[in-house]
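The values are calculated or read from the model by the stated rules, or taken from the named source; none is laboratory data. The model shown is predicted, which means the values in this text are computed figures rather than measured ones. Here the Cβ is made from the backbone with ideal geometry for all residues, glycine too, and neighbour counts use every protein chain on show.
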Amino acid sequence: MSQGGFRRSWLEWFSSFPACLLLLSVVLFSTSSDIHNQMLRGGEQLWSGYYKLRMDPVKPTCDPDRDVDTVVAEEIRKNETSQDPMAALLGESQVDPAELRVAVERSLEDCRQRHESFENLQGKLTTGVKAYRAVELFIADLIALGLESQRFILVILVMLCAVTATLTRHHIAMRAMETRLDYLVSHALQTVANVMLLGSSVIFRQMSFGADASVSSIELALHNCWIAGFAALTLASLYRLFRVPKDLQAGGDPNKAFMAVPLYTVMCLISGTYFAMIGHASGIGIYLGKMMELSDMFLNVGLYVWVGMMLKQTRLATLVFNVFRPWRMPPEMLAVVAVLVAAVPTAYTGASGIFVIAAGAVIYSELRAAGARRHLALAATAMSGSLGVVLRPCLLVVVIAYLNREVTTDELFGWGIWVFVLTAIMFSAVALTVNRQNGFNLAPASEATAPTLVALKKLIPYVLVIAAVVLFYRLALDVSMDEFSAPRLLPVIMLAILVYEHFSLRRTRKRANPEVNHQGLERSVRSATNDTTAEIGALLLLLGLSVSIGGVIERSHIMGSVPQSFDSVWAAMLLMVVILVILGMIMDAFGAVILVSATVASIAYGSGIHPVHFWMVTLVAFELGYLSPPVALNHLLTRQVVGEEEVLAAQNEQGTFYQRHERIIMPLIAMGISLVVVAFIPLIFYT
């Protein structure tokens, strides 16, 4: 690869390159466990008793050639010469020679077997075994290192990416920074919040040492990592505060300026102030430390974001749209198709917000190119990740099953299919009937079939690449593609697709520019990782502070004012729906699931709501919350990937009230009706 391929900015060397190595290490550590399992099985098949050969056999110290009569005579003599008053008192001074002989014979036989086993193992310990064992033990050590370093990888990844998001102004807020006042207010409050995070972490460290002087070196190192990370984050926000960009507009509206403050900052200020008022200044640090208990889950979120950003670098989304383009579908129908097709990759990218970040720009641009009005395209983009969260192998469902023993992934995914069908029907009905502005004049089948088949043909290599990776893991590592293996398989699949595209387009690239021929793959991975770094920083920091907000709700005993059970299951469900939608409006999905598992779920169970039913309602309610003002997280993420200009242009369009607010109203109608059906119709059948 030419040197040009390694020309990176200082920010890329500082953030995206280390982040790429950290994410690859997570994949490596998780895959090494599969490799190790196969090596153990292979070793046992090649050398019977391989498990005993993993360590050098120790030669027994006993003598197998001792004479039985001599040993028995010695034991009798020892017994006669011993002066044990207790044995005499109990009548045990005499030893039965026959019994003693039997015992000695058994002992010598056992000694001979141990020597035979030692000799046998020594004979099997060939050069091949030693070489195989060396590799297998190295992988075992690698797994142990991965397990020990998992929490450190998460802390470093979160803080590294959070600093990057701050430096690149990429945090998630209600609106973008447009004026100098927006910028100054945002970064000033970010600095205050970061100082709170730093102070809370320092106090938590001191409290840990005060409560228990035997804090392990690992715990100490984790505390130091958090402190160093928040110190760097504070410096980054201070740097940004005093380096005001020149392209910002002068002046500004104070009310709008506060809407430009990142959501994580708002959550930090609320939770930090609350914990300080109750004399628990270390509260934020404690709840952020709880992320370590689920470090594998949060790392999987990072991997899913990376997968999404790599998907964005491929031609896959465009090629899928090309399949439907020949039919000249009206924009409303194409929007339905886009949302339904997006459900599958959404399930494989962990959560709706991640998919919006990954593919939202492509979906929006394709719908606009097909003639969709801006509001319809924005609504479909925001909803593109909402329908697939109930499908296998969505990470959010796995987390629910992990935190709640009352449900299993099979139960949740089984009923999730029916919830998906319902939400798909509701969205289709709303999109195709309410405010439909186009007829259904599809292209004739005779005209559209041939181009569709050509477009499908271009997807065949991608299907083969995906199948090759899945089959390799299945045959070589005995790993099937499911909700547990998806986080480590998907990055490999996306890398394989990028490699395929690099070589498949090699001739085209060479004609256009010989240099690109050597840099396409590297540039694609680098660009994906650049996007990933900023998105992980914005998303995981928001997620961590959502856990802190959950701590505020938990410690304020708000849920204590709610009865722990209801006589009427209908009243309980109505309250659950209201609470869950509100949580979806103000919290990230994973933080909300943790809070609901600890508080609301037990009330639902005690009121007679079936656990599987409750969690299906929870997932739909969360998605409705993510689409509901005032926060509407999925709309914020849509604006982030589509661009502020497009959203402002949509807001300036004229028409009826519905037409002017279609991007908000249409998803609310579809998901609102779905939530009512999912929440209350099943109660008729089991109450």
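Per-residue answers, yes or no, for (1) over 19 Å from residue 264 (Cα atoms); (2) part of a helix (DSSP H, G or I); (3) in contact (Cβ under 8 Å) with a residue 40 or more places away in the chain; (4) under 27 Å from the mean Cα position of the chain (by Cα):
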| site | (1), (2), (3), (4) |
| --- | --- |
| 538 | no, yes, yes, yes |
| 544 | no, yes, yes, yes |
| 575 | yes, yes, no, no |
| 601 | yes, yes, yes, yes |
| 612 | yes, yes, yes, yes |
| 615 | yes, yes, yes, yes |
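Can you tell me which of 229, 252 is more than 26 Å from residue 275 (Cβ to Cβ) and surrounded by 17 or more Cβ atoms within 10 Å (Cβ to Cβ)? Spell out the reasoning first.
Numbers: 229 fails: more than 26 Å from residue 275 (Cβ to Cβ).
Every option except 252 fails the conditions.
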### Message
Which count do you get for residues in region 627-647 that are part of a loop (DSSP other than H, G, I, E, B) and either touching a helix residue (DSSP H, G or I) at 6+ places or on another chain (Cβ under 6 Å) or in the same structural domain as residue 379 (by TED's automatic domain parsing) (or both)?
### Response
3
## Note on the structure
Reported set for region 648-685 where residues are assigned to a helix (DSSP H, G or I), over 29 Å from the mean Cα position of the chain (by Cα) and within 25 Å of residue 177 (Cα to Cα) is 648, 649, 650, 651, 660, 662
### Query
In region 625-648, which residues are at pLDDT below 90 and small (Gly, Ala, Ser)?
632, 643
### Task
For region 412-430, indicate whether the set of residues that are more than 25 Å from residue 380 (Cα to Cα) and either among the aromatic types (Phe, Trp, Tyr) or in contact (Cβ under 8 Å) with a residue 60 or more places away in the chain (or both) is non-empty.
yes
### Query
Going by the structure shown, is residue 407 of a type in the set (Val, Ile, Thr), assigned to a loop (DSSP other than H, G, I, E, B) and under 34 Å from the mean Cα position of the chain (by Cα)?
yes
### Query
Looking at region 273-282, is at least one residue in contact (Cβ under 8 Å) with a residue 60 or more places away in the chain, surrounded by 19 or more Cβ atoms within 10 Å (Cβ to Cβ), in contact with a Pro (Cβ under 9 Å, 6 or more places away or on another chain) and not acidic (Asp, Glu)?
no
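Within the bounds of region 321-329, is there any residue that is surrounded by 24 or more Cβ atoms within 10 Å (Cβ to Cβ) and more than 14 Å from the chain's Cα centre (by Cα)? So that I can check it myself, show each step before the final result.
Pass one, region 321-329, residues surrounded by 24 or more Cβ atoms within 10 Å (Cβ to Cβ): none.
The answer is no; no qualifying residue exists.
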### Task
Answer yes if at least one residue in region 493-506 is within 26 Å of residue 40 (Cα to Cα) and at pLDDT 85 or above, and no otherwise.
yes
### Message
Would you confirm, using the coordinates I've provided, whether residue 381 is under 26 Å from residue 463 (Cβ atoms), assigned by TED's automatic domain parsing to the domain that holds residue 427, touching a Cys at 6+ places or on another chain (Cβ under 9 Å) and in a helix (DSSP H, G or I)?
### Response
no
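Which ones in region 96-136 are within 17 Å of residue 31 (Cβ to Cβ) and aliphatic (A, V, I, L, M)? Before the answer, list the steps.
Step one: filter region 96-136 for residues within 17 Å of residue 31 (Cβ to Cβ), giving 135-136.
Across region 96-136, the qualifying residue is only 135.
Taking the criterion of being at positive phi and not polar (S, T, N, Q), would at least one residue in region 249-264 satisfy it? Step through it out loud before you land on a result.
As a first pass, look at region 249-264 and keep what is at positive phi: 251-252.
If we keep only those that are not polar (S, T, N, Q) too, we end up with 251-252.
There is at least one residue in region 249-264 that is at positive phi and not polar (S, T, N, Q).
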### Task
Filter region 29-53 for residues that are part of a loop (DSSP other than H, G, I, E, B) and surrounded by 15 or more Cβ atoms within 10 Å (Cβ to Cβ) and give the result.
47
#### Entry: helices (runs of 4 or more DSSP H) completely within region 229-332 that count 1 or more residues being under 19 Å from residue 552 (Cβ atoms) and not aromatic (Phe, Trp, Tyr)
263-277, 283-289
### Message
Within region 64-83, does at least one residue satisfy the condition of being in a loop (DSSP other than H, G, I, E, B) and modelled with pLDDT of 85 or more?
### Response
no
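Of the residues that sit in region 126-160 and are of a type in the set (Val, Ile, Thr) and under 21 Å from the mean Cα position of the chain (by Cα), which one is modelled with the lowest pLDDT? It would help to see each step written out before you state the result.
First, pick out the residues of region 126-160 that are of a type in the set (Val, Ile, Thr): 126-127, 129, 135, 139, 143, 153, 155-156, 158.
Filter again for under 21 Å from the mean Cα position of the chain (by Cα), leaving 143, 153, 155-156, 158.
Working: 143: 89, 153: 94, 155: 94, 156: 94, 158: 93.
Per the stated criteria, the residue is 143.
Please pick out the residue among 631, 642 that is in contact (Cβ under 8 Å) with a residue 12 or more places away in the chain, within 31 Å of the chain's Cα centre (by Cα) and buried (at least 22 other Cβ atoms within 10 Å of the Cβ). Don't jump to the end; show me each part of the working.
Details: 631 fails: buried (at least 22 other Cβ atoms within 10 Å of the Cβ).
Of the residues listed, the single one that is in contact (Cβ under 8 Å) with a residue 12 or more places away in the chain, within 31 Å of the chain's Cα centre (by Cα) and buried (at least 22 other Cβ atoms within 10 Å of the Cβ) is 642.
Working carefully through the options 340, 311, 376, find the one that is surrounded by 24 or more Cβ atoms within 10 Å (Cβ to Cβ), closer than 30 Å to residue 451 by Cα and not small (Gly, Ala, Ser). Walk me through how you get there before you give the answer.
Values: 340 fails: surrounded by 24 or more Cβ atoms within 10 Å (Cβ to Cβ); 311 fails: surrounded by 24 or more Cβ atoms within 10 Å (Cβ to Cβ).
Result of the check over 340, 311, 376: 376.
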### Task
Mind listing just one residue for me: the one in region 201-255 that is within 23 Å of residue 150 (Cα to Cα) and among the hydroxyl-bearing types (Ser, Thr, Tyr) and, of those, modelled with the lowest pLDDT?
214
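Given the criteria surrounded by fewer than 18 Cβ atoms within 10 Å (Cβ to Cβ), assigned by TED's automatic domain parsing to the domain that holds residue 320 and assigned to a loop (DSSP other than H, G, I, E, B), does residue 442 qualify? Outline the logic, then answer.
Values: surrounded by fewer than 18 Cβ atoms within 10 Å (Cβ to Cβ): yes; assigned by TED's automatic domain parsing to the domain that holds residue 320: yes; assigned to a loop (DSSP other than H, G, I, E, B): yes.
The answer is yes for residue 442.
Looking at 521, 545, which is the one that is surrounded by fewer than 24 Cβ atoms within 10 Å (Cβ to Cβ), among the aliphatic types (A, V, I, L, M), within 30 Å of residue 10 (Cα to Cα) and out of contact with any strand residue (DSSP E or B) (no Cβ under 8 Å at 6 or more places or on another chain)? Don't jump to the end; show me each part of the working.
Working: 545 fails: surrounded by fewer than 24 Cβ atoms within 10 Å (Cβ to Cβ).
The match here is 521.
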### Task
Assess whether residue 165 counts as being buried (at least 19 other Cβ atoms within 10 Å of the Cβ), of a type in the set (A, V, I, L, M, F, W, C) and in contact with a Leu (Cβ under 8 Å, 6 or more places away or on another chain).
yes
### Message
Criterion first (surrounded by fewer than 17 Cβ atoms within 10 Å (Cβ to Cβ) and under 30 Å from residue 12 (Cβ atoms)) does residue 145 satisfy it?
### Response
yes
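Identify all residues within region 582-624 that are more than 16 Å from residue 400 (Cβ to Cβ) and at pLDDT below 95; write none if there are none. Working first, answer last.
First, the residues of region 582-624 that are more than 16 Å from residue 400 (Cβ to Cβ): 582, 585-586, 603, 606-608, 624.
582, 585, 586, 603, 606, 607, 608 - these are the residues of region 582-624 that are more than 16 Å from residue 400 (Cβ to Cβ) and at pLDDT below 95.
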### Message
Can you confirm whether residue 389 is modelled with pLDDT of 90 or more and of a type outside the set (Gly, Ala, Ser)?
### Response
yes
